[in-house]
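Following: one structure in structure tokens, then a few remarks.
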Amino acid sequence: MNMILLFPKDFIDSMRVRLTDYRASHIREIHRAPVGKTLKVGRAGGGVGDGTIVALEESAVTLEVSIPDTVPETPRVSLV
């Protein structure tokens, strides 16, 4: 599953993140996502949820996120 990985420093409040690094560039240039687009996001070491783009700037992307507190279960898969 592809998702935008979020770190504590990215949060500007409990429901919004502001990305100014390679992740913002990736959203603008690879996803070509407009304002209003919802992307899969995950909190590092935490849950997985959705992030809706609320602002696109030349140097930043702001997302409103909804991430449950539950951590996804680790899949029981062995690679050989």
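The values are calculated or read from the model by the stated rules, or taken from the named source; none is laboratory data. Just so it is clear, the structure is predicted and the values come from calculations on it, not from any experiment. FYI the Cβ positions are ideal-geometry reconstructions off the backbone, even for glycines, and counts take in every protein chain you see. Note: areas computed on protein heavy atoms with side chains; ligands, DNA, RNA excluded. Shrake-Rupley method; radii C 1.70, N 1.55, O 1.52, S 1.80 Å.
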Inset, instruction - List every residue pair whose Cβ atoms sit under 6 Å apart, with the two residues 6 or more apart in sequence or on different chains, where the first one lies in region 13-24 and is part of a strand (DSSP E or B) and the second, anywhere, is open to solvent by less than 90 Å² (accessible area, probe 1.4 Å) and aliphatic (A, V, I, L, M). - result: Val17/Leu6; Val17/Leu63; Val17/Val65; Arg18/Ala60; Leu19/Val61
Legend entry - region 12-28, subset in contact with a strand residue (DSSP E or B) (Cβ under 7 Å, 6 or more places away or on another chain) and either modelled with pLDDT under 90 or basic (Lys, Arg) (or both), residue least open to solvent (accessible area, probe 1.4 Å): Arg23
Inset, instruction - Six or more apart or on different chains, Cβ under 9 Å: which pairs go from a residue in region 29-45 that's surrounded by fewer than 17 Cβ atoms within 10 Å (Cβ to Cβ) to one that's assigned to a loop (DSSP other than H, G, I, E, B)? Could you list them? - result: His31/Lys37; Lys40/Met1; Lys40/Asn2; Lys40/Met3; Ala44/Phe7; Gly45/Val71
Legend entry - Residue that is assigned to a loop (DSSP other than H, G, I, E, B) and of a type in the set (Ser, Thr, Tyr), where the choices are Thr52, Thr70: Thr70
Inset, instruction - State all residues of region 50-74 that are closer than 18 Å to Lys9 by Cα, open to solvent by 70 Å² or more (accessible area, probe 1.4 Å) and not acidic (Asp, Glu); if no residue qualifies, say none. - result: Ser59, Ser66
